[in-house]
Amino acid sequence: QAVYYEPSAAFMMQAALAVFLLLLAQASQPVVEVAAGGSTDLSCTAFPSCECHHDSATLLQSRSHQALAVDFGPTCLQANLNNGTCVGDNKCFKCNLEGAQALLPSDENRFPESRLLCDGDSSSTCSLNTTSLPIRFVEASQVMVCKGTGTCRDEWKVENVGAVCCSSPSNVGQTCYFSSFALQNNTLCQSDMCCDGVQVCSNSTINTVESLLCKGYLACSDSTVGLERDLYCNETSDVNLAPSLSGGTCSRSWFDFTNGESNQHVVDCLGNGVCDRSFFTFDTNASVSMECDSNATGTGGGMGGACQNATITLAADVCLDLNCTQDVDCLNMVVNLNGGKCFFNNLGQQTRPNFVAVCTATNGTECGPIQREPIICTSTTSSTTSTTKPYPRNRRNRRNRREHRRNRRQNRRNRRQHARQYRYSM
């Protein structure tokens with residue numbers, strides 16, 4: 001029987017109490033302003049790679065070393081937005097942007113550090129009034145970074161952004177909550193998005209993202225997402241190291257996959273109730289590898305199956321390799337073929353309670369080798385892709401992985417060279 005993950009009244013009271021205690025603790029400390037660019041490492045925005053390979057020092061760190069000022073002065077200054085530094089409580093809060101004000105930065109083509117940073121702890125950092133225009137980056141090859149507690153929430157809308165990193169180490173979470181992001185692929189950024197922490201990126205709309213990473217309790221839940229490549233959902237957060245709740249990641253959401261440069265897609269639903277009651281649609285001729293494992297390595301799972309009550313809709317000629325590892329995974333799943341094909345990695349046993357009747361039982365993969373795409377927030381200390389790869393008995397060998405990485409680097413070099421030639425020819 002499925003285990004659901006509706007936030008309880010007790011949880012909401014706990015969240016409110018945590019915010020109150022946090023504000024009380026900050027009020028008793030000396031007021032210390034964090035200067036613009038105060039972080040020692042913002043290489044999530046480094047160019048030309050635009051990949052967060054070293055951002056774990058910023059995105060994935062505890063914020064205990066910082067004491068942010070409580071500033072009850074003007075809450076939305078154009079200067080803060082133009083500088084890309086909405087750092088501290090009551091900064092860039094309830095902005096009402098009109099006309100050219102919404103095109104950021106309004107005085108240059110790029111932010112000083114090629115990113116807009118929102119960082120605060122009292123749900124009063126980075127929000128828009130309901131009447132405000134969405135924020136639109138002048139150049140897409142820049143990054144939106146939202147950190148802390150409740151930042152970038154409630155009508156925070158950003159368009160034409162190259163990559164997005166949202167995280168919260170607290171049990172209150174709700175960074176990038178009730179927000180929307182429209183990413184734009186470009187020559188410098190791989191338009192990926194990372195969401196890590198309690199209810200981070202939940203109740204939101206995310207469009208034209210290449211690959212999406214979601215980690216933590218109810219991260220990316222109750223959301224609508226359009227993506228071109230891969231989806232990695234894991235109940236275990238990298239930043240919330242003492243969670244009071246877990247599971248339900250990517251639950252009750254709608255994920256619409258379209259084919260971009262590749263027609264291959266990898267979907268990981270790892271942990272307790274991950275991807276529960278969500279909808280997945282795939283474009284024509286796609287090849288899909290989907291892993292549902294409520295007891296995957298590094299998760300606490302097992303109580304509620306992964307991918308339970310999920311609905312998968314295929315288009316014509318789509319090939320789906322579906323792996324439901326535990327007996328509690330994929331229960332009550334619905335697969336609509338519509339001319340596509342589904343293979344259930346079931347070791348030939350059609351008596352398992354989670355067997356999907358329209359899928360053909362198989363002992364291995366039938367849709368060919370499907371490449372897993374690295375995602376932006378990869379670091380040497382914390383992997384953002386799951387350690388469990390779909391169908392381990394058919395792993396690619398090291399030589400193929402090295403060749404894939406070489407080809408990917410060469411493609412990026414070619415795109416950058418093409419962009420330079422285009423600029424010089426103007």
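From the list SER262, SER294, SER278, pick out the single residue that is within 18 Å of VAL225 (Cβ to Cβ), open to solvent by less than 40 Å² (accessible area, probe 1.4 Å) and modelled with pLDDT under 95.
SER262
A quick yes/no check of all residues on (1) modelled with pLDDT under 95; (2) at positive phi:
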{"site": "GLU98", "(1), (2)": "yes, no"}
{"site": "LEU104", "(1), (2)": "no, no"}
{"site": "CYS126", "(1), (2)": "no, yes"}
{"site": "PRO134", "(1), (2)": "no, no"}
{"site": "SER141", "(1), (2)": "yes, no"}
{"site": "CYS146", "(1), (2)": "no, no"}
{"site": "CYS152", "(1), (2)": "no, yes"}
{"site": "GLU155", "(1), (2)": "yes, yes"}
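Identify all residues within region 67-88 that are modelled with pLDDT under 90 and open to solvent by less than 40 Å² (accessible area, probe 1.4 Å); write none if there are none.
Selection gives ALA67, LEU68, ALA69, GLY73.
Results for (1) open to solvent by less than 10 Å² (accessible area, probe 1.4 Å); (2) β-branched (Val, Ile, Thr), shown as yes or no for each residue.
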| residue | (1), (2) |
| --- | --- |
| ASP283 | no, no |
| GLY305 | yes, no |
| ILE312 | yes, yes |
| ALA315 | no, no |
| LEU320 | yes, no |
| ASN323 | no, no |
| VAL328 | no, yes |
| PHE343 | no, no |
| ARG352 | no, no |
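Restricting attention to region 325-334, does a residue exist that is modelled with pLDDT of 95 or more and outside any loop (DSSP other than H, G, I, E, B)?
Yes, there is a match, as at least one residue in region 325-334 is modelled with pLDDT of 95 or more and outside any loop (DSSP other than H, G, I, E, B).
Can you report the number of residues in region 155-173 which are more than 16 Å from THR224 (Cα to Cα) and open to solvent by 10 Å² or more (accessible area, probe 1.4 Å)?
5
Look at LEU133 and say whether it is surrounded by fewer than 23 Cβ atoms within 10 Å (Cβ to Cβ), aliphatic (A, V, I, L, M) and either in contact with a strand residue (DSSP E or B) (Cβ under 7 Å, 6 or more places away or on another chain) or farther than 13 Å from ASN83 by Cα (or both).
Yes: the conditions hold for LEU133.
Mind checking which residues of region 330-341 are within 15 Å of GLY368 (Cβ to Cβ), out of contact with any Leu (no Cβ under 6 Å at 6 or more places or on another chain) and open to solvent by less than 50 Å² (accessible area, probe 1.4 Å)? Show your work before the answer.
Residues of region 330-341 that are within 15 Å of GLY368 (Cβ to Cβ), as a first pass: 340-341.
This time we only want the ones that are out of contact with any Leu (no Cβ under 6 Å at 6 or more places or on another chain), so: 341.
Matches in region 330-341: none.
Under 6 Å by Cβ, and 6 or more places apart or on different chains, what pairs join a residue from region 251-280 that is farther than 17 Å from LEU314 by Cα with one that is outside any strand (DSSP E or B) and of a type in the set (Asp, Glu)?
Between residues of region 251-280 that are farther than 17 Å from LEU314 by Cα and residues that are outside any strand (DSSP E or B) and of a type in the set (Asp, Glu), the close pairs are SER251/ASP276; ARG252/ASP222; GLY271/GLU235; ASN272/GLU235; VAL274/GLU235.
The values are calculated or read from the model by the stated rules, or taken from the named source; none is laboratory data. All of these numbers come straight from a predicted model, not from anything done at the bench. Neighbour counts run over all protein chains shown; Cβ positions are idealised from the backbone, glycine included. All accessible areas refer to the heavy atoms of the entire protein, side chains included, with ligands and DNA or RNA removed. Shrake-Rupley method; radii C 1.70, N 1.55, O 1.52, S 1.80 Å.
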